[in-house]
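The values are calculated or read from the model by the stated rules, or taken from the named source; none is laboratory data. The structure displayed is predicted, hence computed values, not measured ones. Quick note on the areas: whole protein, heavy atoms, side chains included, nothing else; ligands and nucleic acids left out. Shrake-Rupley method; radii C 1.70, N 1.55, O 1.52, S 1.80 Å.
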Amino acid sequence: MSKKLVHEAANQLRTIFYKLNLDSRKITVDLYNETVESEDDYAVDDILESAGILTPEEDRQLEETVCQMREGDWD
């Protein structure tokens, strides 16, 4: 569930994250584990575009691999 932050609070959080070298636009804060996780803004499509020219089969395999890695099913 997303909630809108007060502008002043958002600026204070930016300052804290800057000190932690977190400059991503998406950051997850886990208060239970007292951790902060920076998320990449890149989608699977962005990765595929930067991978060069792929055959349709290579494209499918790469996309499946990336999805598995993101879901934590990677062995």
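Restricting segment 1-25 to residues that are under 15 Å from residue 36 (Cα atoms) and part of a loop (DSSP other than H, G, I, E, B), the residue that is most open to solvent (accessible area, probe 1.4 Å) is 25. When each of 49, 64 is tested for being open to solvent by 60 Å² or more (accessible area, probe 1.4 Å), at pLDDT 75 or above and either in a strand (DSSP E or B) or on the phi < 0 side of the Ramachandran plot (or both), the lone residue that passes is 64. Name every residue in segment 31-46 that is open to solvent by less than 80 Å² (accessible area, probe 1.4 Å), modelled with pLDDT under 65 and of a type outside the set (Asp, Glu), in order of residue number. Within segment 31-46, 43, 44 meet the criteria.
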